[in-house]
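Notes follow the structure.
The values are calculated or read from the model by the stated rules, or taken from the named source; none is laboratory data. Since the structure is predicted, the reported quantities are computational estimates derived from the model, not experimental observations. As a convention, Cβ positions derive from the backbone with ideal geometry for all residues, glycine included, and neighbour counts pool all protein chains shown. Keep in mind that these areas ignore ligands, DNA and RNA; they rest on the heavy atoms of the full protein, side chains included. Shrake-Rupley method; radii C 1.70, N 1.55, O 1.52, S 1.80 Å.
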Amino acid sequence: MIKTFWGLFQKNFKELIREKKRTILLFALPLSMFVFVFLFFTNSQVEKTFIKPINIGVIDNDKSFYSSALIEAYKGNESFTDFININVGDNELKQEFIHGEYDALIEVPKDFANKLMHFEEDPVQVKIAYTDPLKAVLFKNVMESYENYITSVQVAVEVLYDKMEELSMTGKEISLYNSEISYELVMASVGRNDFFNYNEIVNIPSTTSVNYFFIAIIMMFLMYISVFTAIDLLREKEHMCFKRLRITRVSIFKYLISKLLSSTTYIFIIVSIWFIVISVATNLEIHNNIFYIIIYIISCILLAVSFAMFISSLLKRDESVILVSNIFIFINAIIGGSIIPLHYMPDVLSKIAIITPNYWMIKGMLHLDSNYNYNNGVIIMGVFIVISIMLTFLAYYRYKKSA
């Protein structure tokens, strides 16, 4: 039994190897695409190239403890400084802002803390450059949120003042309480980040653009290469190969399994060569959980090949298989993240993307490569293997029925 299966495996694998032109094309085409991606996206981040950091100049005319605390509260906030660069200086920043070196300019007035405490009308002056509308809108929203926060503090202080008057407190007591509470509110306003706990929610881990598109290209071409398995099966069916298997008493299921494993081995060798060539020629950094990554890629290939086998069992002509497969793979590539990175997708499109195999192939690979919650990648890998077994059984029943 094992000898028969090994013979079938060798026969199918040798047939794939004999297609030299096809093998060379499958090897060269993805590499040429990746070379283009490498030259275009070298050293960039998928999540951080969408908008460059906002450069802000700050003129601190107050130079007090409170104004310094306000500036440091933002400069020390990692979530804030990922998107905003702050430079504190003197009046020369005004000229630099005019010449377009800054996206916004903030001028803190003298005696800022006392005026803030007594709610005097001498606000912080903010100037925004509208050369980049997206940056302008983002910064405008940030400053308006701070303005709303200060306004709510002012309302709270005024309500407290009115309540103290209703309680018939003396002017001295009201002034004492008002000063003490106002200073506390000033400190709260300059350090409002202390009121929040930041819990990072990572749906899709960040990676370099080169790594991302290398993974995306691999997953897209896995699907395309698998179509040849479907075409080969249909041609074998046309030549009455499955009827001949019955005469030789070779199980159709055993033959399909040998086809699945030989095609998987063939595609995995091509992918391994891609990886080796690109790793040597570039600074590609896919090295975390390498064992799991190898098994994961094999599970992706199994899914792609078993799906192609199932499609071939539903159709009667190879032209139909090519048409249906190309349409499916093309739509799958667009929606699933091979062309538009998953990090950039609008919410509506990302909700549709979760029904595509490509989405889960890329997502699982990113989890394993980034070493961020790699258990998600292992779970996706397990689901792929289970689905592959189910699709192979479905293809077997279809071929058995038609043989």
What residue, among those in the range 243-265 that are modelled with pLDDT of 85 or more and either over 10 Å from Y396 (Cβ atoms) or not in a helix (DSSP H, G or I) (or both), is nearest to the chain's Cα centre (by Cα)? T264
Only one of these conditions is not met by H287: (1) open to solvent by 50 Å² or more (accessible area, probe 1.4 Å); (2) at pLDDT 80 or above; (3) under 17 Å from F214 (Cβ atoms). Which number is it? (2)
Consider I311 carefully, then state whether it is under 18 Å from A230 (Cβ atoms) and crowded, with 18+ Cβ neighbours inside 10 Å. yes
Look through V324, V277 and report the one residue that is touching a residue at least 60 places away in the same chain (Cβ under 8 Å) and in a helix (DSSP H, G or I). V277
Residues located in the range 329-372, provided they are open to solvent by 60 Å² or more (accessible area, probe 1.4 Å), free of Cβ contacts under 8 Å to residues at least 40 places away in the same chain and aromatic (F, W, Y): F330, W360
Is it the case, given these coordinates, that I301 is surrounded by 18 or more Cβ atoms within 10 Å (Cβ to Cβ), at pLDDT 85 or above and either on the phi < 0 side of the Ramachandran plot or within 14 Å of the chain's Cα centre (by Cα) (or both)? yes
Cβ-Cβ below 6 Å, separation at least six or inter-chain, first residue in the range 209-220 and surrounded by fewer than 24 Cβ atoms within 10 Å (Cβ to Cβ), second assigned to a helix (DSSP H, G or I) and among the hydroxyl-bearing types (S, T, Y): which pairs? none
Scope the range 10-20; condition in a helix (DSSP H, G or I) and either among the polar types (S, T, N, Q) or within 19 Å of V271 (Cβ to Cβ) (or both); matching residues: Q10, N12, F13, L16, I17, K20
Is it true that F41 is surrounded by 13 or more Cβ atoms within 10 Å (Cβ to Cβ), modelled with pLDDT of 75 or more and closer than 30 Å to I362 by Cβ? no
Could you tell me which of the residues D90, D103, D122 is at pLDDT 70 or above and touching a helix residue (DSSP H, G or I) at 6+ places or on another chain (Cβ under 8 Å)? D103
For the range 351-365, indicate whether the set of residues that are more than 17 Å from C300 (Cα to Cα) and among the polar types (S, T, N, Q) is non-empty. no
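Listed here are the residues, each with its yes/no results for (1) at pLDDT 75 or above; (2) open to solvent by 70 Å² or more (accessible area, probe 1.4 Å); (3) part of a helix (DSSP H, G or I).
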site	(1), (2), (3)
K48	no, yes, no
S68	no, no, yes
F80	no, no, yes
E96	yes, no, yes
